[in-house]
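**Student:** Provided herewith is a single structure, encoded as structure tokens, for subsequent inquiry.
FYI, it's all coordinate maths here, none of it is from the lab. Worth saying up front: this structure is predicted, and the values here are computed from it rather than measured. Reconstructed Cβ throughout: ideal geometry from the backbone, glycine too, with neighbour counts over all protein chains shown.
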Amino acid sequence: MDISLSPSLIFVILISYMIGSISGGVIVGKIKNVDIRKQGSKAAGATNAFRTMGTIFALSVLIIDVYKGYFATCYLPHLILGENSTNTIKCLAGFSAIFGHVFPLYFKFKGGKGVGTALGTLFAFPELYFPAAIGFLSWVVNLILTGFVGLGSILAGIIVSITFMLETNFIFTELTIYVIFISIFFIITHRENIARLINGTENQFKKVMIINLFKKND
């Protein structure tokens with residue numbers, strides 16, 4: 001995990017942040033002449049896009065947000081550093097992309113919660129494919145059972161961390177630190193969701209809850 005803060009590394013971090021700042025929600029919104037940051041939860045991510053603009057709009061946002069995280073983490077370090085790229089550098093690039101998504105340089109530092117972009121960064125590490133899959137599955141199960149997207153995102157981040165640590169017998173590496181960081185960061189970016197859950201005012205996707213799907217068939 002030894003790493004020196006060279007000009008090339010600083011360049012990787014800055015460019016990753018700038019790539020992360022490319023907000024799918026804002027870009028697709030401009031094409032559709034809407035600003036989802038003024039609607040719903042006022043976040044620029046795929047969840048608010050789905051809540052306010054529908055499935056196609058949200059999928060477009062999600063694809064952009066996931067891929068920018070993947071590109072910044074998987075390809076950018078290799079393009080700039082070549083064989084000198086390491087998992088530690090990729091983790092730093094991934095963190096920068098997620099940070100850029102939440103605090104985008106181009107859109108007055110008002111972005112999303114970082115979930116889609118974080119998922120894209122996980123795809124850059126083959127060691128994290130299985131934990132990411134388990135985390136995504138837990139998110140889906142939570143969604144159809146409770147309808148709370150924010151809660152599902154928080155739990156998914158925690159489950160990714162636990163799954164990876166179990167896989168590696170709790171041997172700490174840069175990837176262990178990275179997944180733990182993501183789980184903590186999700187809690188921070190969803191702090192308003194947590195407050196609403198406690199107060200009983202959190203928004204639910206009731207249409208996708210399994211109990212309501214059964215009710216429709218009655």
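**Student:** Give, in nm to one decimal, the length gained when the segment between residue 11 and residue 201 is fully stretched (0.36 nm per residue of separation minus the Cα-Cα distance). Write down the numbers at each step before the final one.
**Tutor:** On the way: separation 190, 0.36 × 190 = 68.40 nm, distance 4.27 nm.
Roughly 64.1 nm would be gained on extension.
**Student:** Now a separate question. State, to one decimal in nm, how far the label point of residue 144 lies from the label point of residue 170, with both points 7 Å from Cα in the Cβ direction.
**Tutor:** Going from the residue 144 label point to the residue 170 one covers 3.4 nm.
**Student:** Using 32 Å as the Cα-Cα cut-off, could you pick out the over-long pairs in 38/206; 32/90; 90/207? Could the numbers behind the result be given before it?
**Tutor:** On the way: 38/206 22 Å; 32/90 34 Å; 90/207 38 Å.
Over 32 Å apart, Cα to Cα: 32/90; 90/207.
**Student:** To make sure I understand, if each residue's beta carbon is the centre and we count other beta carbons within 10 Å, what order do 121, 146, 173 fall in, fewest to most? Walk me through the numbers on the way to the answer.
**Tutor:** Details: 121 31, 146 18, 173 14.
Exposure proxy ranking, most exposed first: 173, 146, 121.
**Student:** Taking 0.36 nm per intervening residue step and subtracting the Cα-Cα distance, what contour gain separates residue 27 from residue 56 on full extension? Write out the running numbers ahead of the final one.
**Tutor:** Values: separation 29, 0.36 × 29 = 10.44 nm, distance 1.40 nm.
Separation in residues times 0.36 nm, less the Cα-Cα distance, equals 9.0 nm.
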